[in-house]
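To start, the structure itself, in structure tokens.
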Amino acid sequence: MDYSTSDLCDHFADAIDVLEPMFINFGGQSAFSGRVKTVKCFENNEMIAEVLQQDGTGRVLLVDGGGSTRRALIDIDLAELATDNNWQGIVVYGAVRHVEELEECELGIQAIASIPVAADSEGAGEQGVPVNFAGVSFFDDDFLYADSTGIIISAEELLLEVDDNPADE
């Protein structure tokens, strides 16, 4: 990402929503962006695994885990699956585990906590549904932008014009 969420907020204040500041960087990439794919599940990650098997080029997986910190929805196996399938990042309203290994992944991962307890691998879940957390409503195909400063969401892609004419030296 060639710009920061702060820059995007300055230029597109009327076109964005800003998530409440509750997320922590866990992945090897602190800045990431892409088109949202939503998953809603609670303390199980079967649906997450199914979605991460798909091509994630230009996509960010947004997981509504109900804010539970009792079980980790993302672990190193799912992070590696996401990397293998070209996902840009994962935002989890829930917990992760294998923190040291996640930091080595070339993937943006933000969540609200870490815990060593694994999620159930079987259970219900939904994908492509509207979800709401951190003071924001999310829809499939929204655009998400994340960095160390925060996370923002927009219904439209946000592009800052870049000056292609560097100053004469």
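Readers should treat all values here as calculations from the given coordinates under stated rules, not as data from a laboratory. Being a predicted model, the structure only gives us computed values, none of them experimental. For neighbour counting, all protein chains shown are included, and Cβ atoms are generated from backbone atoms with ideal geometry for every residue, glycine included.
Tabulated data
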{"item": "Yes/no for G128 being within 15 Å of the chain's Cα centre (by Cα) and surrounded by fewer than 18 Cβ atoms within 10 Å (Cβ to Cβ)", "result": "yes"}
{"item": "Flag if F26 is in contact with a helix residue (DSSP H, G or I) (Cβ under 9 Å, 6 or more places away or on another chain) and touching a residue at least 60 places away in the same chain (Cβ under 8 Å)", "result": "yes"}
{"item": "The stretch 88-105, subset under 15 Å from A31 (Cβ atoms) and within 9 Å of the chain's Cα centre (by Cα), residue surrounded by the fewest Cβ atoms within 10 Å (Cβ to Cβ)", "result": "Q88"}
{"item": "Selection count, the stretch 25-50, where residues are surrounded by fewer than 23 Cβ atoms within 10 Å (Cβ to Cβ), assigned to a helix (DSSP H, G or I) and in contact with a strand residue (DSSP E or B) (Cβ under 7 Å, 6 or more places away or on another chain)", "result": "2"}
{"item": "Candidates G123, G135 - the one that is surrounded by fewer than 15 Cβ atoms within 10 Å (Cβ to Cβ), in contact (Cβ under 8 Å) with a residue 12 or more places away in the chain and more than 30 Å from A15 (Cβ to Cβ)", "result": "G123"}
{"item": "Residue check, I152 β-branched (V, I, T) and over 17 Å from V51 (Cβ atoms)", "result": "yes"}
{"item": "Residue match in the stretch 51-74 (condition: small (G, A, S), more than 18 Å from Q88 (Cα to Cα), outside any strand (DSSP E or B) and touching a Lys or Arg at 6+ places or on another chain (Cβ under 9 Å))", "result": "yes"}
